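Structure first, then comments.
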Amino acid sequence: MTENIANNTTNDNAQPAHPLLPDFCDVRNLFAVILLTEVLAIVFAMAASTTSTEFWDYLALSSFLMMWITLLNSAVLCQLRNWLHKQKQHLCLLISFCLMMSISLLVTLLVNNAGILFDYNDNTLDTLLIIRVMVISAVIYFLLLRYFYIQHQWRLNLALQSRAEIQALRARIRPHFLFNSMNTIASLIAISPETAETAIEDLSDLFRASLSEQNMNPLSDEIELAKSYLAIESLRLGDRLQIEWDIDENMLDIEVPSLCLQPLTENAIYHGIEPIEKGGKILISALQIDNKLNLSVSNPLMSEKQTSAFKKGNQMAQDNIRQRLKLVYGKKGGFAINVTKENYTVSLIIPLDVIHERSNS
């Protein structure tokens, strides 16, 4: 991931991991650009006119000129987007600026020569018009590219921050869990060496996952990691810990952010099972709902008296997973917490259409 961030590309054919320029081939982005262009045309028409008749004349002419410039710029940046992102960042911005300025100049010259703008019927060159259009275009393009650059830096900082938090999450194995696991394994060596060996293997899987650099894993791997953790805790908690799985087998190959399930099961035990004297049941489900993978972990809640006496966590794992979902899936992803009188449920919403787009790119 570090190399991807540094180079800002993944490979020759795939989309950049953190693109500097937005995708002007996307209809939603194109609609936003057209809408913004029309707003600017209205502003310019209001500033240049003194009567209502002049306003509509100026609006029609400025809309015509600006819309052509906008559509041509969008088409060029759409076609050259992948090539531009292969360039160095400053070179990408410079080339984009020059391309857009060239298109503005070309359209202005064509409109001027056609005798459309301001009722000019001859082919004389309106220098003032060209200077005005080029100055306005330069200011708009500079501000626009500056905005893209700031957004790009913000996404990179968010990615680096998320990476640091992933590493912190991987390194965060609660000392009490490690000590309890080792004590449990030590007590099993004499009476049940096979169980002790299995527990050691499960503990090794957890440490191996904490050292892994993978940022995305198949759901099946995340489930196996959670099962390894729960197997160790089951040796300690015994009948107090009950586990119910509700997994859609068709979802097992779906890639999800690494370490998105095990920390939630850990929280479910630490905050849900341990404080309750009789223990309880943890429900883990992975189901497809409306072209989305709904991955949830549910645990019983303590009574009000127990809640007041028990120390609450800092929600680091939840915040980390929430930020990573936003980073990977944007607004399409989701992180929800549902609290009832009896249960506390954390749900991760992973859009399957985004996953298909990534696999096809």
(message) Any residue at all in the range 26-43 that's touching a Cys at 6+ places or on another chain (Cβ under 8 Å) and at pLDDT 80 or above?
(response) no
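Results for (1) part of a helix (DSSP H, G or I); (2) modelled with pLDDT of 80 or more; (3) in contact with a helix residue (DSSP H, G or I) (Cβ under 7 Å, 6 or more places away or on another chain), shown as yes or no for each residue.
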residue	(1), (2), (3)
Trp83	yes, yes, no
Cys92	yes, yes, yes
Ile95	yes, yes, yes
Ile103	yes, yes, yes
Asn113	yes, no, no
Ile131	yes, yes, no
Val135	yes, yes, no
Ala138	yes, yes, yes
Tyr141	yes, yes, yes
(request) Determine, yes or no, whether Ala199 is in a helix (DSSP H, G or I), small (Gly, Ala, Ser) and surrounded by fewer than 19 Cβ atoms within 10 Å (Cβ to Cβ). (result) no
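Restricting attention to the range 226-252, which residues are aliphatic (A, V, I, L, M), within 27 Å of the chain's Cα centre (by Cα) and closer than 22 Å to Gly279 by Cβ?
So the first thing to find is which residues in the range 226-252 are aliphatic (A, V, I, L, M), and the list is 226, 230-232, 235, 237, 241, 243, 247, 251-252.
With the extra rule that they be within 27 Å of the chain's Cα centre (by Cα), the set shrinks to 226, 247, 251-252.
Matches in the range 226-252: Ala226 only.
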(request) Pull up the range 315-348, narrow it to residues that are touching a helix residue (DSSP H, G or I) at 6+ places or on another chain (Cβ under 6 Å), assigned to a helix (DSSP H, G or I) and crowded, with 16+ Cβ neighbours inside 10 Å, then point me to the one that is modelled with the lowest pLDDT. (result) Ala317
(message) Consider the range 253-312. How many of its residues are under 16 Å from Lys227 (Cα atoms), among the charged types (D, E, K, R), modelled with pLDDT under 90 and outside any helix (DSSP H, G or I)?
(response) 0
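The values are calculated or read from the model by the stated rules, or taken from the named source; none is laboratory data. Here the structure is a predicted model, which is why all the values come from computation and not from measurement. Note: ideal-geometry Cβ built from the backbone for every residue, glycine included; neighbour counts use all protein chains shown.
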